[in-house]
1. Compare the peptides 4-11, 32-39, 353-360 by average per-residue count of other Cβ atoms within 10 angstrom and give them in order, highest first.
2. Can you give me the Rg/Rh ratio for region 2-310, using Cα atoms for both radii and the Kirkwood formula for Rh?
3. Among Glu26, Glu303, Glu277, what is the fewest-to-most ranking by other Cβ atoms within 10 Å?
4. Could you list which residues have their amide H under 5 Å from that of Ile71, counting only those 5 or more apart in sequence or on another chain, with H placed in the peptide plane?
5. Between Leu398 and Glu58, what length comes free when the chain is fully extended (0.36 nm per residue of separation minus the Cα-Cα distance, one decimal in nm)?
6. Please list 134-141, 216-223 highest first by mean number of surrounding beta-carbon atoms within 10 Å per residue.
7. Could you name the lysines whose alpha carbon sits less than 30 Å from that of Lys84, not counting residues in the same chain fewer than 8 places away?
8. Shape of region 380-430 from its Cα gyration tensor (a ≥ b ≥ c, root eigenvalues): rounded if a/c is under 1.5, otherwise prolate when a/b > b/c, or oblate?
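What follows draws every value from the coordinates through simple rules; no lab data is involved. Small disclaimer: the values here were computed from a predicted structure and weren't measured. In this analysis, Cβ positions are derived from the backbone assuming ideal geometry, glycine residues included, and neighbour counts consider all displayed protein chains.
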Amino acid sequence: MRVLVLGAYGLIGTYVSLRLVADGHEVAGLGRRTAQAARRLPGLRWIAGDLRAMTRVESWVEPLRGIDAVINCAGVLQDGPNDKVAAVQTDAALALFRACEESGVRRVVHFSAPPSGSGTPFETTKRQADRALADSSLDWLILRPALVLAPQAYGGTALLRGLAALPFWRPRIAGAGLLHVVSVFDLAETVSRAIATPALTRRAYDLAHPASISLDDLTRAFRGWLGLAPVASGRLPGWLTAAVGRLADLAGWLGWRSPARTTALGELRQGIAVKPEPWIADILSHPVSLEQFLIAHPATVQERRFAAGYFLKPLGLVALAFFWVATGVLGLTAARGEAVEALLRGGLPDGLAPAAVVAGSVIDIALGCALLVARTARPALIGMILVSAIYLVVATVLMPGLWLDPFGALLKIVPSIVAALAMLALLPDR
């Protein structure tokens, strides 16, 4: 069967696509960043497409050509510069469903989310798409997974690993509701059976293990899975959790998809209420529990390093950005005269030294600001490494005595280069 998977390089889409390929299906993946996806998942045929712009039926004519079934794994948590919740989860989805009806693609498996009653745009747009699909003439299946467990860490489960690995204290988020979990392999198995079983149609299923768990118990379980010794836990006050959510929202508008944004916190307060019994009765009689999943996928040094460094990435990026902006501001204000005198002593002409200080300071500020924006963070880090190397070479030629400066004026540039290299390595989020 020829299957089109939307969001094929996302967390769920990756495992679903690989399972369908293993089953012998021809899988086409649709997404924005297909070049990198093709390197990660070479067994798929890739179609470049931006769901934000695919809100008309005509947008789907070519992607659906020759397709027998569609799996929609695409989803957006919250609006941002690169994400539009309504466009992706409602407008594009409705256009897709109508295009399937017109093109004769009957089978549509649509990943949604369990009803939470949170009233967030994430939840309301999911419900709108669900209703539109249910009212269509298609052979549809709506799958609503709980918190997805996967070997790959992304989104909420990545945050849980980071919280579990904090060295001296394990926070408890006030007001968090009970959760349910589901293995990503159970999701892939469900899609595999749905594609192979035409009778599984026009049904909506909650996908989850029946046992509920608190967020505190979940982070404790992850900490034990990582092989870390127990630490004291403490309740995060509501105002602090809200402040973190607002900061994460701000980061979201800079392009960073933090799982701690207010939408995620709102869904977390509601908890995940599911009724998995129909799914268990019809499709998968023994879904994997949290304990079984963790036992089957033991943590290695890679998982421990990821969890330990989870919060170091945002801290490191902010610290580097502050360092570069601060040095630039100082170069334009309090330290400008001293910097010009140092360059004059090094042999720079009178007219060139002040201009060099101003230019260097402006470059520092620009690189620091660019680092805070997700789209420009990578070139900013590369720029920091190159500019730091230039500073070292120029200073060594003009003022070699700075290597013996008791405050380490030049020596400190070396660890800043290493810090930029470390942030460059930690930058990818999947």
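1. Ranking, from highest mean packing down: 4-11, 353-360, 32-39.
2. Value, to two decimals: 0.96.
3. Numbers: Glu26 16, Glu303 19, Glu277 11.
Fewest-to-most ranking of Glu26, Glu303, Glu277: Glu277, Glu26, Glu303.
4. When sequence neighbours closer than 5 places are left aside, the close amide H contacts are Leu4, Val5, Leu6, Val109.
5. 116.1 nm
6. Answer by packing, highest mean first, reads 216-223, 134-141.
7. Of all the lysines, those that pass the test against Lys84 - Cα under 30 Å, at least 8 places apart if same chain - are Lys126, Lys275, Lys313.
8. Values: a/c = 5.44, a/b = 2.25, b/c = 2.42.
In terms of gyration-tensor shape, oblate.
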